[in-house]
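Below is one structure, written out as structure tokens; comments come after it.
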Amino acid sequence: MFALQAACLSMLWATTTYAQNLQVQNPVEDLSFGHKSTLSPNSFAIPGWSMLGEGHVPQLLSDRVILTPPYGGNKRGALWSENKLTLQDWQVDLKFRAGATDRGSGNLQIWYAQDGEKTVSTSNIYEVGKWEGLAIVVDTVGGVQKIRGFLNDGSTHYKNHGNVDSLAFGHCDYVYRNLGRPSHIIVRSTSSGMLVQVDGRHCFTTDKVALPTNYNFGMTAASGDPPDSFEVFAFAVSNAPAGPSNPQQDAHQHQQQQSSPPPPAQNQNPDAGMAQMDDRPASHYTTSESQFADLHNRLNLLSKSITNLFTEITRHTQAEEARYKEILTRIPNEQTIKSLESRIGNLDRVVGDLERELKSSDHKGQFAKISEQITQTHLGVTEQVPERLREYVQAHTPRIGFILYSFMAFQTCCIGAWCWYKWRKSTMPKKYL
């Protein structure tokens, strides 16, 4: 009974926890969004980020960005940071959600690439050319939903590669589709390696990767047919938190936490994460004291989560009230509405008077005058226009006879001149040598 209650409370705690906004300490503002009340101050663009799309434009809402819509396949959406990262040790927190009406298909990529907006743009991991950096891919491979990591130093052309799946350096299975809540991915890079977590659980890690600085962050999503709808709620970049210097050591400690028995109730920290409160079978709790201790800790966590949730709801409510008041300020006041009603009433009276005038008056005389004017105009056109046209043609017709006579006179003069020349030549005295 206690184990069943603990399991139900654990599920409720997880639901309320993932419903909260992303809480990040000292985020890099020009590389982060979604950690505040709204994503954008103007509902048109995210400050410091560029939105790209193929087949559609990514939809920006107050709490999320829809990279690929749930309707129509083969759509692409992308977000790229305009500024580059200058931190050596950093951590990325991403909250996203994937949904599909049927067996959806598509993928989501988290990029840390050099000039990613130019070299990657809206491409996915299978269609990108030569690029340099890191890519965390969320997609389905062989019917299994996975999270995988890819690296490239700019020498490998992924689009022309025969087997891109073989280039992954790390992966883990994770069911991300149709969860009904956002998923939380953490990517942490330090001088000693890299670590990837999802929903507070270890995914994969390596100590053989050291990423440089001055690269751009980005996210690209592509949907197939039937489509996957990818929604991004938050993306926060911050300094890597203090902890184990080796990612392998961090993963080993995480496994020890999962395999070790729970400490007594008085030594447990109620602020511990979900990774320290893994569900165990009922047979694990052999005494009523251990069952009560587990239930007590879960109730404390649930109480704090509900408090945080109510705080977030209050903050969202206040933000919505502020927006509502702003909208009310744009609505015309009572005096303006009365003036508009008065103008509409005057227009209604004018239209009514005109309608009554048309119905009551006799317009036969006016129509007769109009008909007479039309008849006179017709007679003027049919009788006077041809005469005027003939006069105009005659007045502007070129004088062909004058030109012809002039030409004949010129020819006669030429013939006369030639005859006079021949006569003159024949009558001149001839000289003989």
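Under the condition of being under 14 Å from R103 (Cβ atoms) and either of a type outside the set (A, V, I, L, M) or outside any strand (DSSP E or B) (or both), the residues counted in region 143-153 number 2. Among the residues of region 215-227, the ones that are modelled with pLDDT under 95 and assigned to a loop (DSSP other than H, G, I, E, B) come to 3 in all. Just to verify a result, which residue in region 94-109, among those that are open to solvent by 10 Å² or more (accessible area, probe 1.4 Å) and in contact with a strand residue (DSSP E or B) (Cβ under 8 Å, 6 or more places away or on another chain), is nearest to D139 (Cα to Cα)? Checking each candidate, the answer is N107. Among the residues of region 190-204, the one identified as of a type in the set (S, T, N, Q) and modelled with pLDDT of 95 or more is Q197. The residue of region 49-73 that is nearest to A221 (Cα to Cα), among those that are touching a residue at least 24 places away in the same chain (Cβ under 8 Å) and exposed (fewer than 15 other Cβ atoms within 10 Å of the Cβ), is E54.
If you check L354 against the conditions, is it assigned to a helix (DSSP H, G or I), at pLDDT 80 or above, farther than 30 Å from N42 by Cβ and not polar (S, T, N, Q)? Yes: the conditions hold for L354.
So which residues in region 124-142 are under 24 Å from G53 (Cα atoms), part of a strand (DSSP E or B) and open to solvent by 20 Å² or more (accessible area, probe 1.4 Å), if there are any at all? The answer is K130, E132, T140. Within region 186-213, residues that are without any contact (Cβ under 8 Å) to a residue 40 or more places away in the chain sit with their Cβ atoms under 8 Å from residues that are open to solvent by 20 Å² or more (accessible area, probe 1.4 Å), at 6+ positions apart or across chains, in these pairs: Q197/I186; Q197/R188; A210/S191. Scanning region 179-205 for residues that are part of a strand (DSSP E or B) and open to solvent by 20 Å² or more (accessible area, probe 1.4 Å) yields H184, I186, R188, T190, Q197, R201, H202, T205.
Contact map, region 360-380: first residue at pLDDT below 85, second residue open to solvent by 100 Å² or more (accessible area, probe 1.4 Å), Cβ cut-off under 6 Å, separation 6 or more or different chains; the map is empty.
The set of residues in region 296-325 that are open to solvent by less than 90 Å² (accessible area, probe 1.4 Å) and under 22 Å from T38 (Cβ atoms) comprises N308, L309, T311, E312, I313, T314, R315, H316, T317, A319, A322. Tallying residues that are assigned to a loop (DSSP other than H, G, I, E, B) and of a type outside the set (S, T, N, Q) within region 377-433 yields 8.
Give the residue that is farthest from the chain's Cα centre (by Cα), with candidates limited to residues of region 197-224 that are closer than 26 Å to W49 by Cβ and small (G, A, S).
That would be G224.
The values are calculated or read from the model by the stated rules, or taken from the named source; none is laboratory data. Predicted model, so just to flag it, every value in this text is computed and none were measured. We place every Cβ from the backbone using ideal geometry, glycine too, and count neighbours over all the protein chains shown. Just the protein is used for accessible areas: all its heavy atoms, side chains included, with ligands, DNA and RNA removed. Shrake-Rupley method; radii C 1.70, N 1.55, O 1.52, S 1.80 Å.
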